[in-house]
Amino acid sequence: MMHAAITLTGPGRLGYSRDPVLPLPEGALRIMPRFAGVCGTDLDIIRRTRSDMPSVLGHEVVAEVTECCAQFSAGGAGGRIVVVNPVSDADQTRNFGHSIPGIWAQQRVVTQQEIADGHLSAWHSAEIGPESALAEPVAAALYAQGLMGLDAGHAARVLILGSGGIALTLALVLTGKGHSVLLSPSDTDHAAQLAQGLDSFPGVQIVPRTALTQCGFRVDAAAVMVSRGGCRAAIGQALAVLEPGGVLDLVSSVAPGVSPACGRLSFDDLAGIRWRNTRGTPTAGAYLDGQGPNGPYRVTGQRGTSADQIAAAVMLIDAYSTRFRRLVSHVVPFEEAAAFVEAVARNRALRIDGRIVTKAVIAF
């Protein structure tokens, strides 16, 4: 018996591999994806703007356990439906769909070591749908909300620099908590298209990047969610509108460097802070104090999500499934996904079937 997986076949090109279904190793289990999200980092890998070269792409997934050698409970994944938690709890360099094989495949064997590393969390809801693939990005959004100090009791104004699926997910989570959001894509045309596509999400204002400083905006917190190549510029744009005492959260990775990002902090400092907040467990020194153009600010960053954050995301999606379902613009059959994702990687502002691609989900 054979199974198919989506793989890189060249720069900007995707195809399907056909591999035999192998016997299950001791202590492992086999999962079959039901729905898998397409993330901005997946698109960066396809464009070769990242150095990651996984044999199989993809890391956002809700899947069914179809075979296991023994009862398993690592990471709370004792049920038949699981969510993949991409970043290893034991080794930050081991990430599904980045440094180890991903999940855009008809089946994947999860090894005993990967189970022990906490890569699986249980899906406790009775229902699953395309919005279920948002569990990991929603967990990341909840992580960002906590790091930026945005509790539900105090409405804040938040700038999100970016327009990919994770940026839109954070906007949806924050507005649901009563905060107002300025969403700023880098491309003016993309901003106009997003404004049309997100007219059903109250509390989100689309602001072209060029208009941020011209219109005199000020925000209490800012999250940078752009490709690595645009991260340095986005940091500067965020600090230009951040109120004194505000928090800057780096969800995106930033290229390190000794040149100052702003005030006393270098890009080395900013690149390093993300590694101190991994899988939902900030360590001492998880924030750095900087001096921006408007006064002092705090900067933090994040990588991965914890099992508790995944569980909270599952509950949130279950409670507001219709709201999160609206974020999914396209549900693509696995057999058509390689060509679809390849086209989106070439053109981020692409309209398919008359709609801009805000969040695509692969259905298996």
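Here are some notes:
- Qualifying residue in the range 238-247 (condition: assigned to a strand (DSSP E or B), among the acidic types (Asp, Glu), at pLDDT 90 or above and buried (at least 19 other Cβ atoms within 10 Å of the Cβ)): no
- Residue that is nearest to the chain's Cα centre (by Cα) [pool: residues in the range 115-134 that are modelled with pLDDT under 90 and not aromatic (Phe, Trp, Tyr)]: Ala122
- Top-ranked residue of the range 310-355 - restricted to ones that are over 22 Å from Trp104 (Cβ atoms) and hydrophobic (A, V, I, L, M, F, W, C), ranked as surrounded by the fewest Cβ atoms within 10 Å (Cβ to Cβ): Ala319
- Within the range 122-141, the set of residues being outside any loop (DSSP other than H, G, I, E, B) and more than 25 Å from Ile45 (Cα to Cα) comprises Ala122 only.
- Screening the candidates Val328, Val341, Val314 for the property of being more than 30 Å from Gly246 (Cα to Cα) and in a helix (DSSP H, G or I) yields one hit, Val341.
- Within the option set Ala133, Ala171, being closer than 17 Å to Met225 by Cα and surrounded by 24 or more Cβ atoms within 10 Å (Cβ to Cβ) holds for one residue only, Ala171.
- Test: residue in the range 274-283 that is touching a Ser or Thr at 6+ places or on another chain (Cβ under 6 Å) and in a helix (DSSP H, G or I): yes
- Hey, Gly272 within 25 Å of Asn95 (Cα to Cα) and surrounded by fewer than 16 Cβ atoms within 10 Å (Cβ to Cβ) or not: yes
- Annotation: of all residues in the range 5-52 being assigned to a strand (DSSP E or B) and of a type in the set (Gly, Ala, Ser), the one that is surrounded by the fewest Cβ atoms within 10 Å (Cβ to Cβ) is Gly10.
The values are calculated or read from the model by the stated rules, or taken from the named source; none is laboratory data. This is a predicted model, so every value here is computed, not measured. With ideal geometry, Cβ positions are generated from the backbone for all residues, glycine too; neighbour counts draw on all protein chains shown.
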